[in-house]
Structure formats: structure tokens, C-alpha cells
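Computed from the coordinates by the stated procedures, all read-outs in this text should not be read as laboratory data. Keep in mind the model is a prediction, meaning the values are calculated, not measured. When we count neighbours, we look across all protein chains shown, and the Cβ atoms used for this are built from the backbone with ideal geometry, even at glycine.
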Amino acid sequence: MASLGLALQYGHAHAYETSLRPQFERLEPDTRLEEVCDTEVALRLNREQRGLAVDKVVSYTFRQVIQERNNKIVANGAAFRSRGKWFHLKFECQTGPKHMDVHMLTYTAGAEIPRSQWARHYLYD
């Protein structure tokens with residue numbers, strides 16, 4: 001898969017299923033912020049990119065996630081898994097103050113990560 005090189009931004013939304021809401025509410029706020037953003041970027045990738053079936057996003061694969069003020073994270077070293085392959089991912093995500101809804105999301109999906117690098121970065125089948 002070639003680098004998609006997309007950067008998309010959306011307004012206020014939360015596409016994740018309401019069935020996940022109780023699970024998110026049980027998380028600590030910082031963890032909730034990251035999990036809600038990971039879930040939203042996975043759902044958007046599946047909806048907006050043909051041929052993807054994203055089932056996992058890991059925000060901190062290649063770099064630590066930066067949590068900024070204003071309920072925002074920057075994940076420049078993220079990865080996502082689709083159809084058994086891992087791909088590079090960068091995204092920025094901002095939620096509301098309770099970290100339950102995504103107000104802004106931009107992402108860039110990148111090239112496939114060679115299987116030879118998976119173990120080093122704790123990626124799995």
C-alpha cells in the first residue's frame with residue numbers, strides 16, 4: 001500500500017458506538033483521551049479509506065504521545081493494523097473536557113511497516 005499522505009480535519013463528532021461509552025467512562029482521564037482518539041481515528045480510517053479494515057491503533061509505537069493543553073494529543077509515531085498488516089500513522093486529536101467526544105481530528109496514514117520491524121516495536125498479528 002502506498003503512502004496515503006492524507007490530512008483530514010473534521011468538526012465536532014464522535015463516531016464510536018455508544019456501547020463503548022461506559023467502558024471509556026471507567027478509564028482515568030489521560031487514558032480515556034488516548035483511547036477515545038485511537039477509536040475515532042480507526043473508525044474514520046475504515047470509513048474514509050477504501051480497502052482498509054482497521055482493527056487496532058497504537059498511538060505510541062514509534063514515539064511517545066504528546067498530551068497538550070486543551071484536551072489534545074499529538075501522536076506522530078502511531079501505527080494501525082489493517083488486514084493483518086501494520087502501517088505508519090500520525091494524528092492529532094482534541095476532545096471535550098471529559099474526553100468523551102472528539103472535537104477535532106487530523107490524520108496522515110503512511111506506508112506499511114515491514115514485518116521485520118514488528119517485534120522491535122511490539123506489534124503483533
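Would you mind counting up the charge near Val102? Only other residues with Cβ under 10 Å from its Cβ, with Lys and Arg at +1 and Asp and Glu at -1.
-1
Could you work out the relative contact order of region 23-125? I mean the mean sequence separation of Cα pairs under 8 Å and 6+ apart, divided by the number of residues, in percent.
23
Most mobile of Thr31, Thr108, Thr95 per a Gaussian network model of the chain (Cα springs, under 10 Å)?
Maximum fluctuation in the GNM of the chain, among the listed residues, is at Thr31.
Report the residues of region 79-103 in range of a label on Glu25: point 7 Å along Cα→C-beta, backbone N strictly under 17 Å from it.
Zone members listed by number: 96-102.
Once both axes come from the Cα atoms, what is the angle between helix 29-48 and the longest principal axis of the chain, in degrees from 0 to 90, rounded to 10?
60
Using a simple charge model, +1 on the beta-carbon of Lys and Arg, -1 on the beta-carbon of Asp and Glu, nothing else, what dipole does region 18-121 show about its Cα centre, in debye to the nearest 20? Don't skip to the end; give the middle numbers.
On the way: 17 positive and 13 negative charges, 79 e Å.
For region 18-121, the charge dipole is close to 380 debye.
For P(r) over Cα pairs in 10 Å bins from 0, in percent, the choices are (i) 13, 36, 29, 15, 6, 1; (ii) 11, 33, 26, 19, 9, 1; (iii) 13, 48, 33, 6; which was calculated from the structure?
So the structure-derived entry is (iii).
Tell me which of Gln64, Ala42, Phe80 sits at the most positive position along the dipole axis of region 34-125, charges placed on C-beta atoms (Lys, Arg +1; Asp, Glu -1).
Phe80
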